[in-house]
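**Student:** Take this structure first; my questions come after.
What follows draws every value from the coordinates through simple rules; no lab data is involved. What you see is a predicted model, and the numbers here were worked out from it, not measured in a lab. Here Cβ is always computed from backbone atoms with ideal geometry, including for glycine, and neighbour counts include all displayed protein chains.
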Amino acid sequence: MAETLRHLRFPLPASHGRRYPEPPHPYRNDFQRDRDRVVHARAFRRLENKTQVFAPGLSDHFRNRLTHTIEVAQVGRTVAAALEIDEDLTEALALGHDIGHPPFAHAGEAELDRQMRRFGDHFDHNRHALRIVEQFEQRYAMFPGLNLTFEAREGLVKHSKDLVPGEDPQLAEYLPGLRPPVEAQLIDLSDEIAYNTADLDDAHGAGIVPLEEIRSRHQHFGELFETTEMRFPGAAERVKFHQTLRELFDFLVSGLIEGTAVAAREAKLRNHEDVRSHDVRVAGFSPAAEAANRSLKEFLHAQVYSSEALLAARKRSGQMVAALFQHYLEHPGHMPAPHRAKLDSEPAHRVICDYIAGMTDPFLERTYWKHVD
Ligand code: MG
């Protein structure tokens, strides 16, 4: 049995709790309830109709943002279980990590941010996730939002990076300058493993990158593929691709478990408080997995994300978001009543941004055709 991080597990009794105190549940602990609240949120269900990287149409098998989220949760739980840290907190954070994503993947996010900067503001999907779970979800009679624990909200805010003190006064309560619990730190890298391997799979499936290209340009994949060929010479090429991709996936997950355990040992971290006050995040890959992950990223940037097919789709998505944003600036009355009502207390660009960010891809398309074209 490999070494565990049981001593660094975030202890539930140390939780800063919920904004609105609630009585305990008879058989679900607070992090389990956080997980369940995320799964039952409307914003969670909308992930099914939000693009991850490849828009539906070319294939029925591409990941969308919901299936991607399930893959991240699966990696996160595996890693948390192997390290004997809190699986429930990890799972809640993994399931919520993309809940604030706008339509049209990164093209949508970049365009919303560009629009907001015209008004000296900005858009960030982690900040938006916080607004969803604190305000926009209206499911409980006793409080606005989902009333998640502090650690779940902190994990959403610090999903991809830590907060610098003074960076954002509105986020001052989320312990700027301190690291989040190890459970939260693992989400970002679980996310990377899930999307890098999935994007390679989807790009190969879509015919954007031929197998030969992957074999020759990604050293670790190439080596694993050679072994696969020796072991299963008669297997179909497609099966050999998947066999190899699975092994690469396993290598990265194992590397994350090992790298995190080694870093914790070397830093002599004793408990969850040491995790917080340590000067860098303890979650990380082993050197070999780090190299394989980095070269996979570089490969995807060079061969997939900048491919003609994706660039064209991204450009069109950005134009649609920009046009719809402009339309609502000129005709704020075209937004539905609950959004119009917010115009009394918030600037129009913020109300419009929140409305568009919540849309699914097909809803944005329909709305665009209705109002703009
Ligand atoms: Mg993600």
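**Student:** Compute, for the chain, the length of the dipole vector about the Cα centre, with Cβ point charges of +1 (Lys, Arg) and -1 (Asp, Glu) only. Units Debye, rounded to 20. Intermediate results must be reported in sequence, preceding the final value.
**Tutor:** Values: 46 positive and 57 negative charges, 169 e Å.
For the chain, the charge dipole is close to 800 debye.
**Student:** For the residues MET230, MET335, MET320, what sequence is obtained by ranking on other C-beta atoms within 10 Å, fewest first? Mind showing how you got there, number by number?
**Tutor:** Details: MET230 8, MET335 20, MET320 24.
Listed from fewest to most nearby Cβ atoms, that is MET230, MET335, MET320.
**Student:** Convert 37 °C to kelvin, take the viscosity as 0.692 mPa s, use the Kirkwood radius over C-alpha pairs of region 136-202 as Rh, and evaluate the Stokes-Einstein diffusion coefficient in µm²/s, rounded to a whole number. Mind dumping the intermediate values first?
**Tutor:** Details: Rh = 13.9 Å.
Result for D is 236 µm²/s.
**Student:** What value, in deg cm²/dmol to 500, does the helix sum -39500 (n - 2.57) over DSSP H runs of n ≥ 4 give at 222 nm once divided by the residues of the chain? Can you show the working numbers first?
**Tutor:** Numbers: 17 runs with 216 residues, N = 373.
Per the formula, -18000 deg cm²/dmol.
**Student:** May I have the pair-distance distribution P(r) for the chain, computed from all Cα-Cα distances with 20 Å bins from 0 and rounded to whole percent?
**Tutor:** Result, from short to long distances: 27, 56, 17, 0 percent.
**Student:** Checking the table LYS50/LYS161; LYS158/LYS370; LYS161/LYS370 against a 27 Å threshold on Cα-Cα, which pairs fail?
**Tutor:** LYS158/LYS370; LYS161/LYS370
**Student:** Restricting to Cα pairs below 8 Å that are 6+ residues apart, what does the relative contact order work out to for region 125-221? Please round to a whole percent.
**Tutor:** On the way: 68 pairs, mean separation 16.6, N = 97.
Relative contact order for region 125-221 comes out at 17 percent.
**Student:** Determine which residues of region 304-328 fall in the zone a paramagnetic label at HIS371 would reach in this model, i.e. backbone nitrogen under 15 Å from the point 7 Å along Cα→Cβ.
**Tutor:** Counting only backbone N, you get 319-328.
**Student:** Only loop residues by DSSP count here, and only those with at most 14 other Cβ atoms within 10 Å; note down the GluC sites (Glu not before Pro) in region 134-220 that meet that.
**Tutor:** GLU167
**Student:** Please report Rg over Rh for region 284-352, where both radii come from the alpha carbon positions and Rh follows the Kirkwood definition. If you can, show how the numbers build up before the last one.
**Tutor:** Numbers: Rg = 20.3 Å, Rh = 15.6 Å.
Ratio of gyration radius to Kirkwood radius for region 284-352: 1.31.
**Student:** Please quote Rg/Rh for region 222-373 to two decimal places, taking the Kirkwood radius as Rh and restricting both calculations to Cα atoms.
**Tutor:** My calculation of the ratio gives 1.18.
**Student:** For the chain, modelled as a Gaussian network with Cα springs under 10 Å, which listed residue fluctuates most, VAL280, VAL53, VAL321?
**Tutor:** Of VAL280, VAL53, VAL321, the Gaussian network model singles out VAL280 as fluctuating most.
**Student:** Counting pairs of alpha carbon atoms under 8 Å apart in space and at least six apart in sequence, what relative contact order in percent does the chain give?
**Tutor:** The value is 21 percent.
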